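Shown next, in structure tokens, is the structure this report addresses.
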Amino acid sequence: MAHLIVHGGRPLSGRIIPSANKNAVLPILCATLLTREPLRIHGVPEITDVKKILELFRTLGSDVRMDFVTGLLELRHEDTRFDPSIHRLPAEMRSSIMLAPPLLARFGVARIEDDVKGCTLGAREIDPHIEVLKSFGATIERSDDSLVIRSDGPLRATRHWLDYASVTTTENFVLCAALASGQSKLNNAASEPHVQEFCAFMQTLGARISGIGTSQLTIDGVDSLSGGEFHLTEDFHEVATFLALGAITGGGVEVKNSAPDQFPLIDRTFAKFGVHVVHEDGWSKTKANGPLKVAEPFTRNVLQKVEAAPWPYLPVDLLPIFIALGVKAEGSVMFWNKVYDGALGWTGELSKFGAHVFLSDPHRLIAFGGKPLVPAQVESPYIIRVAIALLMLAASIEGRSMIHNATPIKRAHPRFVENLRMLGAEVEWTGGD
């Protein structure tokens, strides 16, 4: 693990061009296995998980040409081969589970390892994925350290209703249905922007999908998918992250943002801390009138609230950065994670900065903000935006802080420290990789 040393107290200002959304890029890369035709994908970020998947493709015999300087990936899976007794999917990344449907469709067999878990957000079951695979006609064999999935022939169209609107399960359903014979329908589908971008990529290859952006998807299976060219868009998580870094340090960061239509609820959440977001000419920036201050609800006998759940709620992945704002802002806020039961366990680290927080239960936290804060050494769990939230607080406090085990940031944000330095931050990696 690598750590971040932060010398805080400097207002961060400047312009940032964010990278593509990891949660769109990874399922798109998995989907490329469904076609033997050449592909060109623009804007591919240099992040850990991308490198792992591309290395797997090379191991399987695919033609991979990646230029991380320009972000251009040229890819062809014409001579790809898969042997479940030899090949292993990338470890410690949840998106590996989305390699199963294309491998199953292409080779009739796939293998899921026990360590396909990703960020430590509490219990993350694979049962919904298994249910989807079975509904398309796959059989499952359990071994000591993995699951082997097999199909005797082409996958068969199905109708399925998810227990909850899971992003990766929705994407796995689409991956299965694209080449399945007949029409498939999914109810309670996830509709996050990265799911919509993934579906748009599938349409580029010739997949027949309707209902994108809604809770019901209909997919008419086709005989084959083509190649094509696709441009990835900016990650709304990264846009919001750099806006928050500017706000918490008292600076002014402008971030390129070609999809401001995704931001109305995110903008209103910023406003709860006295931060006004402006979208102009393809760029987004924040304006704060003085120090951060929690807006008092019109209903005076309740706490201000930030509720995070599946889209179109505020995304749970953004909750940590707003917790950091809540600790810094004067006033009290309740934060509610309605998805993961283990995603708030890290908040005890905030007390090392002098923050006052109270964990009501595994899903709800109250921050009593505006208290005097001091630099500290803190431990980050293996959760991308928690490491960033801890860094945000460190950057806002004068003095030297250290974020131990901050490596997860590299899973989603290329050149993150370099971008921070461009904004005026004094921050550096130390130790580990």
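The values are calculated or read from the model by the stated rules, or taken from the named source; none is laboratory data. The structure displayed is predicted, hence computed values, not measured ones. Here the Cβ positions follow ideal geometry from the backbone for every residue, glycine too, while neighbour counts run over all protein chains shown.
Would segment 159-168 turn up any residue that is in the same structural domain as LEU33 (by TED's automatic domain parsing) and over 18 Å from TRP311 (Cα atoms)? So far as segment 159-168 goes, yes, one or more of its residues are in the same structural domain as LEU33 (by TED's automatic domain parsing) and over 18 Å from TRP311 (Cα atoms).
Note on segment 103-139: residues that are buried (at least 21 other Cβ atoms within 10 Å of the Cβ), modelled with pLDDT of 90 or more and within 21 Å of the chain's Cα centre (by Cα) amount to 1. When restricted to residues that are free of Cβ contacts under 8 Å to residues at least 24 places away in the same chain and either surrounded by fewer than 18 Cβ atoms within 10 Å (Cβ to Cβ) or part of a loop (DSSP other than H, G, I, E, B) (or both), segment 259-281 contains 8. Considering the conditions (1) part of a loop (DSSP other than H, G, I, E, B); (2) more than 23 Å from the chain's Cα centre (by Cα); (3) closer than 24 Å to THR170 by Cβ, ILE219 is excluded by exactly one of them, (1). Among the residues of segment 181-202, not a single one is basic (Lys, Arg), more than 22 Å from ILE126 (Cα to Cα), outside the structural domain of VAL316 (by TED's automatic domain parsing) and surrounded by fewer than 23 Cβ atoms within 10 Å (Cβ to Cβ). Examine segment 169-181 for a residue that is among the β-branched types (Val, Ile, Thr), in contact with a Pro (Cβ under 8 Å, 6 or more places away or on another chain), in contact (Cβ under 8 Å) with a residue 24 or more places away in the chain and closer than 27 Å to PRO414 by Cα, and state whether such a residue exists. Yes, because at least one residue in segment 169-181 is among the β-branched types (Val, Ile, Thr), in contact with a Pro (Cβ under 8 Å, 6 or more places away or on another chain), in contact (Cβ under 8 Å) with a residue 24 or more places away in the chain and closer than 27 Å to PRO414 by Cα. Tallying residues that are more than 20 Å from the chain's Cα centre (by Cα), aliphatic (A, V, I, L, M), within 27 Å of THR407 (Cα to Cα) and surrounded by 14 or more Cβ atoms within 10 Å (Cβ to Cβ) within segment 38-93 yields 5.
Annotation for segment 237-257: at least one member residue is under 18 Å from the mean Cα position of the chain (by Cα), β-branched (Val, Ile, Thr), within 16 Å of LEU393 (Cβ to Cβ) and assigned to a helix (DSSP H, G or I).
Would you mind stating whether SER332 is free of Cβ contacts under 8 Å to residues at least 12 places away in the same chain and surrounded by fewer than 23 Cβ atoms within 10 Å (Cβ to Cβ)? For SER332, the condition - free of Cβ contacts under 8 Å to residues at least 12 places away in the same chain and surrounded by fewer than 23 Cβ atoms within 10 Å (Cβ to Cβ) - is not met.
Screening PRO310 with (1) assigned to a strand (DSSP E or B); (2) in contact with a Lys or Arg (Cβ under 9 Å, 6 or more places away or on another chain) gives one miss only, at (1).
Filtered by the rule that a residue be part of a loop (DSSP other than H, G, I, E, B) and among the β-branched types (Val, Ile, Thr), segment 365-390 gives VAL374, ILE383. For segment 391-413, filtering for residues that are at pLDDT below 95 and in a helix (DSSP H, G or I) leaves 5. Residues that are small (Gly, Ala, Ser), at pLDDT below 90 and part of a loop (DSSP other than H, G, I, E, B) within segment 140-155 comprise SER143, GLY153, listed in sequence order.
Any residue in segment 87-98 that is over 20 Å from VAL195 (Cα atoms), in contact with a helix residue (DSSP H, G or I) (Cβ under 9 Å, 6 or more places away or on another chain) and assigned to a strand (DSSP E or B)? No - not one qualifying residue is present in segment 87-98. Strands (runs of 3 or more DSSP E) fully within segment 1-73 that include at least 1 residues being more than 27 Å from GLY431 (Cβ to Cβ) and in contact (Cβ under 8 Å) with a residue 24 or more places away in the chain: 13-16, 39-42.
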